[in-house]
Amino acid sequence: MNGPSPSVPAECTSSAGELLDRARALVPLLRANAAETERLGTLPDDNVTALRDAGFFTLGTPHCFGGPEADFRTWVDVIAELARGCGSSAWVATLLSMGSHFTALLGDRARSDVWAAGPHATICMNPNPSAGGRAVDGGMVVSGRWRPMSGCNHAQWVMGGVPVHDGQGAVVDRKLVLVPMNQTRIEETWNVAGMRGTGSNTVVVDEVFVPEHRILSLPRALAGDYAAEHPDEPQNAISASSLVAVAQAAPALGLATAALEHTLDVLGAGRAVGTSIYQNAINAPSVQFNVADAARLIDTARMHTDRAVADMNQGVRERHPLDLATRARIRMDVGTVMRSTQRAVGLLLDVGGAGGFDLANPVQRIWRDLETVARHQILSPDLSREIYGRALLGVEPQVSNLI
């Protein structure tokens, strides 16, 4: 069932504690390079090398191909820790690791195509069916554009969505196709206010043949149907839609934590509250209240993340996809994470005053990164509320297939 077992680098056999320690050790580097990452619009070489060598681009790569195959608790904790240093770096690590997880659902022929030479091959992905494809003997021919494609500058493979139509033009399936990056081209289209360093540009494919063994059915992946094909890889039993949502929310935890840490450092160094009697801001009730509320909101986000991860781990233990009610609640948990971290960082900006928007102040970059991430479709708090409400009330149909 499993593919070949290449020589396994030490970083790929690390325990959960070792992976988390390695993530903590990278925070100073990522933090020091954060402004440069934003200026470049992509990760600096130092970040790429450090993240790749630590195995953080391939958290979902199976053990049998030399990868860490991190449990999801470790995955979330590692990504949140990386985001304490740099939101863009954490986001790229998240998306590339998602690519390794989805690639691991494929058969061993496709997995060998990617990882036979070693565990560090990386896969960027965007499941949105924005490219077109037609069936041919032995596979599909694909043309189109996938945007945004986070981490594409650092990937050797790309996995993108393609709709399948019936004779009347109706969509009857959605595929994920795996294509070598050297058969694509990248268009520089990423010019946004937040998460600038992710380099989430457009990947273009033009009449590229994709063999059948590199084609994945997205509905099957969302339903957990591929888990049975790799019975010794328990992480494949995670409901794919829940994985995508919680993994992409994980950077928000680290971003908000970094904002709180910076604010406490500034307050600890002593500063006055302008036009007030408070020569030391820590004595001001408004500062005390806002810091307390921000910490509470971050704790709230962590507790909801922990519950979502616990639900997902239960599905792994039982080797059974989660039911709709649980998956809808996970989406609601993710919405709560996003709204809570947004409010927390907003309160911390209030503490810092207008000076918090100085471009040398990391909190304004954290705020822009977080506000950008929170608008991601699968992280939308409002859509999450609608999904959860419909599930609780038994209203059909649901409003998204990513539940």
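The values are calculated or read from the model by the stated rules, or taken from the named source; none is laboratory data. Just so it is clear, the structure is predicted and the values come from calculations on it, not from any experiment. All Cβ positions, glycine included, derive from the backbone under ideal geometry; neighbour counts span all protein chains shown.
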Failed condition for MET140, given (1) out of contact with any strand residue (DSSP E or B) (no Cβ under 9 Å at 6 or more places or on another chain); (2) surrounded by fewer than 24 Cβ atoms within 10 Å (Cβ to Cβ), with all others met? (1)
Subset of the range 31-45 (residues that are under 20 Å from ALA80 (Cβ atoms) and part of a loop (DSSP other than H, G, I, E, B)): ASN33, LEU43
Filter the range 106-117 down to the residues that are assigned to a loop (DSSP other than H, G, I, E, B) and more than 25 Å from SER200 (Cβ to Cβ) and list them by number. GLY107, ALA116, ALA117
Checking the condition among the β-branched types (Val, Ile, Thr) and surrounded by fewer than 21 Cβ atoms within 10 Å (Cβ to Cβ), which residue from VAL177, VAL164, VAL203 passes? VAL164
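Every residue in the range 356-385 that is assigned to a helix (DSSP H, G or I) and either assigned by TED's automatic domain parsing to the domain that holds GLY85 or closer than 13 Å to VAL334 by Cα (or both), please. Talk me through it step by step, then tell me what you get.
To start, the set of residues in the range 356-385 that are assigned to a helix (DSSP H, G or I) comprises 356-357, 362-373, 377-379, 381-385.
Within the range 356-385, VAL373, GLN377, ILE378, LEU379, PRO381, ASP382, LEU383, SER384, ARG385 meet the criteria.
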Options ASP108, ASP113, ASP137, ASP206: the member that is over 23 Å from GLU38 (Cβ atoms) and touching a Gly at 6+ places or on another chain (Cβ under 6 Å): ASP108
Scanning the range 354-382 for residues that are more than 20 Å from GLY197 (Cα to Cα), surrounded by fewer than 17 Cβ atoms within 10 Å (Cβ to Cβ) and among the hydrophobic types (A, V, I, L, M, F, W, C) gives ALA354
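Are any residues in the range 386-403 part of a helix (DSSP H, G or I) and small (Gly, Ala, Ser), and if so, which ones? Break it down stepwise before answering.
Residues of the range 386-403 that are part of a helix (DSSP H, G or I), as a first pass: 386-393.
Selection gives GLY389, ALA391.
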Suppose we filter the range 347-382 for residues that are of a type outside the set (Lys, Arg) and over 18 Å from the mean Cα position of the chain (by Cα); how many remain? 19
Scan the range 310-353 for residues that are in contact (Cβ under 8 Å) with a residue 60 or more places away in the chain, surrounded by fewer than 22 Cβ atoms within 10 Å (Cβ to Cβ) and of a type in the set (Val, Ile, Thr) and report the count. 1
Complete set of residues in the range 239-272 that are closer than 22 Å to PRO381 by Cα and not in a helix (DSSP H, G or I): SER239
